[in-house]
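J.: This structure is in structure tokens; I'll ask about it shortly.
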Amino acid sequence: MQRRAVRDERVLEMSTFTDVEHTFAKKATQDWRDRTPGTPEEAYAYADFQYRLKDFCLAAQWYGRAAAEGYVPAQYMLGLCIATRRGIRGRQSEATTLFKHAVAYYKEHLEDPEACYRLGILYLYGYGVEQDAARAREWFQKGAEAGHAGALYELGKFYRDGKAGCPLDKQEARAYFRKAYDGHWEQAIFADFALFDGPFEAYEYKREIKEAYSFRLGQLMRVAEARPDRETLKAIIALYRHGYPGDTGERKQAFIRKGDKFVKRLETLPDKGE
């Protein structure tokens, strides 16, 4: 496949992801406050709302309800929750069955960039199909051409890692990550920051990474208070251990120590295993 560069002569602007997510969360919370999902489509939408809030346990429950009614997008997401152990523990064979339904469904909806993105994920990780990174790249490329932020993010990872025929090119990877974050793909700002190798004060998007970091930590802490589980606590601990962006010396160490209480909470939770 011919390489399609995304470098731009202009300075790429990073969007204020957290502003958009705050607005979404406020509106969605108001929308769902006085009603309960009734149809499979509504159950899926409510699950997506909880998934974006990182309440993966509640999201998996509602994906499961919609999936049981044969709603394929929910089957894909439930399979993803099982495969990545987000909010639910299940047999990988269950996830594979769900993914096979999704493969057939999304191949019939290729006009939808989301379908292309999800097919890319299925081929990239071998979910319900034989693993094929090159095929995954083709689907991500198709989704990216339509502006799908997730597809842009995945292509950035290909250039970051030099895989699936993409040369190792960190600048190209950062260009993709920036476009993905401009489409409000949360993980992209973290991926971009990880590739930056200069002093923090020289990083182009200091405010964005600080806000994204605080926003993610706040979401996870809210879930830990409402429905504590091992995966959420581990994610919180990892954020504290990494240190707050830009902090150094004692300030960084003080932030790291704040995570100790979550370590203690993790030790009190039973490990349910597989």
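Here, each number is a calculation from the coordinates, and none is a lab measurement. Being a predicted model, the structure only gives us computed values, none of them experimental. All Cβ positions, even for glycine, are placed from backbone atoms using ideal geometry, and neighbour counts span all protein chains on display.
J.: Classify the stretch 192-274: rounded, prolate or oblate, from the alpha-carbon gyration tensor (a ≥ b ≥ c, eigenvalue square roots; a/c under 1.5 rounded; otherwise prolate if a/b is larger than b/c)? Don't jump to the answer; show the numbers that get you there.
T.: Details: a/c = 2.49, a/b = 1.98, b/c = 1.26.
Here the stretch 192-274 falls in the prolate category.
J.: Something else now. Could you sort the peptides 255-265, 188-198, 51-61 by per-residue average Cβ neighbour count (10 Å cutoff), highest mean leading?
T.: Per-residue mean Cβ counts within 10 Å order the peptides as 51-61, 188-198, 255-265.
J.: Filter the trypsin sites (Lys or Arg not before Pro) in the stretch 95-138 down to the DSSP loop ones having no more than 15 other Cβ atoms within 10 Å, then list what survives.
T.: LYS107
J.: Of LYS206/LYS261; LYS54/LYS261; LYS100/LYS258, which pairs sit farther than 32 Å apart, going by alpha carbon to alpha carbon?
T.: Too far apart for the 32 Å limit: LYS100/LYS258.
J.: So, one more: Rounded, prolate or oblate: which fits the stretch 129-262 when a ≥ b ≥ c are the square roots of the eigenvalues of the alpha-carbon gyration tensor, with rounded for a/c under 1.5 and prolate only if a/b beats b/c?
T.: prolate
J.: Placing +1 on the Cβ of each Lys and Arg and -1 on the Cβ of each Asp and Glu in the chain, which of GLN141, TYR203, PHE49 has its Cα farthest towards the positive end of the resulting dipole?
T.: Selected residue: TYR203.
J.: Among the chymotrypsin sites (Phe, Trp or Tyr not before Pro) in the stretch 144-178, which ones are in a DSSP loop with at most 13 other Cβ atoms within 10 Å of the Cβ? Mind listing them?
T.: Answer in residue order: no site qualifies.
J.: Structure shown: which of LYS26/LYS179; LYS170/LYS234; LYS26/LYS142; LYS27/LYS179; LYS142/LYS252; LYS27/LYS170 lie over 31 Å apart, alpha-carbon to alpha-carbon?
T.: Among LYS26/LYS179; LYS170/LYS234; LYS26/LYS142; LYS27/LYS179; LYS142/LYS252; LYS27/LYS170, the Cα-Cα distance tops 31 Å for LYS26/LYS142; LYS142/LYS252; LYS27/LYS170.
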